[in-house]
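Here is the structure we will look at.
The values are calculated or read from the model by the stated rules, or taken from the named source; none is laboratory data. Note that this is a predicted model, so its numbers are computed, not measured. Virtual Cβ from ideal backbone geometry, glycine too; neighbours counted across all protein chains shown. Surface areas here come from the heavy atoms of the whole protein model, side chains and all, with no ligands, DNA or RNA. Shrake-Rupley method; radii C 1.70, N 1.55, O 1.52, S 1.80 Å.
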Amino acid sequence: GRRLLTITKYSVLKTSCEEELLEVVWKEVASFVEQGGPSGSTVFVLPDFMSNEAAQFSHFIEQRLNKPVSDWGGGDLQLRVASYHPDLCGNRPRPPWAFIQLYRFDPAPPAQDIDASFNDVMDPPVSHA
């Protein structure tokens, strides 16, 4: 079943190189796949990575991480990437650096067809004492 995700690891990566970042991320993906285990996530804080290039950052995430990472998951293991860049947040309060969150989770159980109305679910049982 689905579990709340826990951040299991933080890493600050002081790189501006795409290939170095990809090497670290793919090592983490491999450890997720090899170890299995409970749901959780790793956050990579990126103070020097595309700090003034929000559009390029988004393109990099979409093309080089989102689909390839999700394709590695399957069956009982789902892998996803979430990302954040401070220049893509408008006027909201924001952290100063970009980050990537790599997370793994068990898929949600399949929906079950039940024949119940709102009142069936919300009304307490009647006691005949």
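Considering the stretch 75-95, the residues that are farther than 16 Å from Thr15 by Cβ and within 15 Å of the chain's Cα centre (by Cα) include one that is most open to solvent (accessible area, probe 1.4 Å), namely Arg80. Scanning the stretch 10-42 for residues that are modelled with pLDDT under 80 and touching a helix residue (DSSP H, G or I) at 6+ places or on another chain (Cβ under 8 Å) gives a single hit, Val33. If the condition is being under 19 Å from Glu28 (Cβ atoms), not in a loop (DSSP other than H, G, I, E, B) and not aliphatic (A, V, I, L, M), then the stretch 71-96 contributes Asp71, Trp72, Gly74, Gln78, Arg80, Ser83, Tyr84. With the structure loaded, tell me whether Asp113 is open to solvent by 80 Å² or more (accessible area, probe 1.4 Å) and at pLDDT 60 or above or whether it fails that test. Criteria not met by Asp113.
Pick from the stretch 97-110 the residues that are part of a loop (DSSP other than H, G, I, E, B) and of a type outside the set (Phe, Trp, Tyr): which of them is modelled with the highest pLDDT?
Of all residues in the stretch 97-110, those part of a loop (DSSP other than H, G, I, E, B) come to 97, 106-110.
When the remaining residues are screened for being of a type outside the set (Phe, Trp, Tyr), the result is 106-110.
On the way: Asp106: 65, Pro107: 60, Ala108: 57, Pro109: 55, Pro110: 60.
Top of the filtered list is Asp106.
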